[in-house]
Amino acid sequence: MGKILGLRHKDSEAAKSFAAALSLAPTFADPYAHLATLRLRQGRVEEALGLQTQAVKYAPRNAPYAEQLQAYQALAGQFPPHADSPAPATVDPTEVSSADPRNDWPQRLGTLDWHALANRLTRDGYAVVARMVDAATCEWLRGLFDDDRLFSKTVVMDRPEFGKGAYRYFGAPIPQVVDQLRRAVYPHVARIANEWQQMLGDSESFPEDWDSFRDRCHSAGQTTPTPILLKYGPGGFNALHRDLRGAVFFPIQLAVVLSPRTDPEHAETQGFQGGEFLFCDFPERRKSLRREVVLGLGDAVLFCTRDRLVRTGGVAGLQSVKHGAAPITAGTRFVLGVPFHEYR
């Protein structure tokens, strides 16, 4: 029950369910681990560390629990360098060690129910993947925002018709963790996009791997990376819009929330409020779909770039769609945006 409530972002109720489970079985590791994840989403790192320590204590052979504990310890700053240790070498912020858990995207994403995700994308124009990215990686990505070396373009927007926030486009080469995530997600969404092409009776298909699709973009003169870090403070928002740049484009894109959402019952937690993702048909009519999607730390959403698939009289067609973000009412919200095509 706690896991279900957590997926619905009912954090307070989920916490109560995990606590109830622990009152019945104090040595059961799973509730400790799930509650730790919930607390980390709320920005309560020390509490998450204590809970994850208990999870490892009661399940010492569970390797994922041990890896997560190490990530929490790193976030809590519990690994100061030894006095006799040499000074750390300068690290390229775009690189990730081959031993880093962020390198196992294909394995982690392969466990998702992509058939169900495809059905949701086809039906609603979007699909949520709860906790796609772990808290430690979200923290690492947020830390890149102020590193000017990584970005080729920055837009500071403050116009009612467009939005209010800061948008930083990664330059080439983009950080490895972003590149690896894009490469790992692409084959799954390419299969979904090709199913849509078949339903539409379109003979053109998308390549099965991202490198081949990138080559198609480059052949059209589109060679500029599209991944972007977005930052919204109080009052920040993203007006409803369609992404129309590029003759070659991919019909699905990815966004990941990198900031924790404030728990209403724990006002002391550091997080943001508001900032729901908005999806709607365009032009809007009486039966048009309009959705507000609440996401928290590490949650991802796959959504249609320009159009979603609809059926009219048993025939598949396209419905124009827009997307955006509701105003932030408190705190700061970072988002990683990952379109799969490149720009000119």
Inset, instruction - Step through the residues of region 108-123 one at a time and calculate ³J(HN,Hα) from phi using the Karplus curve (6.51 cos²θ - 1.76 cosθ + 1.60, θ = phi - 60°), rounding each to whole Hz and writing x for Gly and Pro. - result: 5, 6, x, 7, 6, 8, 6, 5, 5, 4, 4, 4, 5, 4, 5, 6
Inset, instruction - For the chain, find the longest principal axis of its Cα atoms and tell me its angle to the long axis of helix 210-219, 0 to 90°, nearest 10. - result: 40 degrees
Legend entry - Potential lengthening between Glu208 and Val315 on full extension [0.36 nm per residue; Cα-Cα distance subtracted]: 35.9 nm
Legend entry - Net charge dipole size for region 154-280 [Lys, Arg +1 and Asp, Glu -1 on Cβ; Debye, nearest 20]: 380 debye
Legend entry - Charged-residue dipole, Cβ positions (Lys, Arg, Asp, Glu), region 238-344 about Cα centre, Debye nearest 20: 680 debye
Inset, instruction - Using just the helices of the chain, give the 222 nm mean residue ellipticity in deg cm²/dmol: DSSP H runs with n ≥ 4 each add -39,500 (n - 2.57), and the total is spread over all residues, rounded to 500. - result: -10500 deg cm²/dmol
Legend entry - Derived scalar couplings ³J(HN,Hα) [region 299-307; Karplus, 6.51 cos²θ - 1.76 cosθ + 1.60; whole Hz; x for Gly, Pro]: 6, 10, 9, 9, 8, 6, 6, 10, 9
Inset, instruction - Note down the magnitude of the dipole of the chain about its Cα centre, charges +1 on Lys and Arg C-beta and -1 on Asp and Glu C-beta and zero elsewhere, to the nearest 20 debye. - result: 1100 debye
Legend entry - Gaussian network model of the chain, Cα within-10 Å springs - most flexible of Ala55, Ala63, Ala172: Ala63
Legend entry - Whole-angstrom gap from region 315-344 to region 168-241, using each part's C-alpha centre: 12 Å
Legend entry - Label-to-label distance, nm, for residues given as Thr27 and Thr224 (7 Å Cα→Cβ offset): 6.1 nm
Inset, instruction - Mind running the shape call on region 218-288? Use the C-alpha gyration tensor, a ≥ b ≥ c as the square roots of the eigenvalues: rounded below 1.5 for a/c, prolate if a/b tops b/c, oblate otherwise. - result: oblate
Legend entry - Choice from Leu121, Leu254, Leu289 showing the highest fluctuation, given a GNM over the chain with Cα pairs closer than 10 Å: Leu289
Legend entry - Residue among His323, Leu258, Ile4 farthest towards the positive dipole end of the chain, charges placed on Cβ: His323
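Readers should treat all values here as calculations from the given coordinates under stated rules, not as data from a laboratory. Just so we're clear, the structure is a prediction, and the values are computed from it rather than from any experiment. When we count neighbours, we look across all protein chains shown, and the Cβ atoms used for this are built from the backbone with ideal geometry, even at glycine.
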